[in-house]
Amino acid sequence: MSNSQTPTDREVETEFLFEARVQLAEAHHVGQTPEGYRMNVPVAGGRFEGPRLSGEIVPFSGADWSRIRSDGSGALDVRMTLRTDDGVLIYVHWHGVMRFTPEEQAYALDFAKPDDPKGAARYYFRASPRFEVADERYAWLNTLICVTKSRTGDGGVIHRVFALR
């Protein structure tokens, strides 16, 4: 940092919160709408693991109301409930973007393929989750701005969630 920089001029720092492995159920294809090709994908369950919180994704507590936009990118609107290992419920709602070339679309949207972290470089998949929780032990989540670095595979979606610091 140069002498002329203030603390707010520094690069954004992140803190790893958890990795969520979201299992998906069969998609409901609404079809082509004025907003794009719409599909609703129920969240069947899964797990999340991290240094400060871990637990399960409550089965069928939400879905991804996603769409493929006219420019070919994907727009995500995910809502679901997490249950920590000590029994606390956390509502999470995130918006995201998935971008891929026409040649990579089938690979990027293949949720059933084996988990392939290196293959995720073939497409862009980021989201911004927001949390709501009533329990004071996890109230710190209510005030975070977070981002994900995400990928598809292993029967669903894998989100690595980071808090911006």
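Taking (1) open to solvent by less than 50 Å² (accessible area, probe 1.4 Å); (2) assigned to a strand (DSSP E or B) in turn, Gln23 satisfies each apart from (1). Counting the residues of the range 77-103 that are surrounded by fewer than 21 Cβ atoms within 10 Å (Cβ to Cβ) and not in a loop (DSSP other than H, G, I, E, B) gives 11. Looking at this structure, is Ala121 farther than 21 Å from Ser73 by Cα and in a helix (DSSP H, G or I)? Answer is no for this residue.
If you go through the range 119-158 and keep only what is under 16 Å from Phe16 (Cβ atoms), open to solvent by 20 Å² or more (accessible area, probe 1.4 Å) and free of Cβ contacts under 8 Å to residues at least 60 places away in the same chain, you end up with Arg126, Ser128, Trp140, Ile145, Lys149, Arg151. Among the residues here, Phe60 does not qualify as open to solvent by 20 Å² or more (accessible area, probe 1.4 Å), in contact with a strand residue (DSSP E or B) (Cβ under 7 Å, 6 or more places away or on another chain) and at pLDDT below 95. For Ala112, the requirement of being farther than 18 Å from Val78 by Cβ, touching a residue at least 24 places away in the same chain (Cβ under 8 Å) and among the hydrophobic types (A, V, I, L, M, F, W, C) is met. Ile68 meets each of the listed conditions (1) hydrophobic (A, V, I, L, M, F, W, C); (2) more than 24 Å from Thr33 (Cβ to Cβ); (3) modelled with pLDDT under 95 apart from (2).
If only residues of the range 104-118 that are more than 23 Å from Gly50 (Cβ to Cβ) and assigned to a helix (DSSP H, G or I) are counted, the one that is least open to solvent (accessible area, probe 1.4 Å) is Ala108. You will find that of Gly45, Gly50, Gly31, the residue that is at pLDDT 95 or above and surrounded by 16 or more Cβ atoms within 10 Å (Cβ to Cβ) is Gly45 and no other. Given the criteria open to solvent by 20 Å² or more (accessible area, probe 1.4 Å), touching a Leu at 6+ places or on another chain (Cβ under 7 Å), outside any helix (DSSP H, G or I) and in contact (Cβ under 8 Å) with a residue 60 or more places away in the chain, does Val161 qualify? It is false that Val161 is open to solvent by 20 Å² or more (accessible area, probe 1.4 Å), touching a Leu at 6+ places or on another chain (Cβ under 7 Å), outside any helix (DSSP H, G or I) and in contact (Cβ under 8 Å) with a residue 60 or more places away in the chain.
The values are calculated or read from the model by the stated rules, or taken from the named source; none is laboratory data. Nothing here was measured: the structure is a model prediction, and the numbers come from that model. Virtual Cβ from ideal backbone geometry, glycine too; neighbours counted across all protein chains shown. Heavy atoms of the whole protein, side chains included, go into the accessibility calculation; ligands, DNA and RNA do not. Shrake-Rupley method; radii C 1.70, N 1.55, O 1.52, S 1.80 Å.
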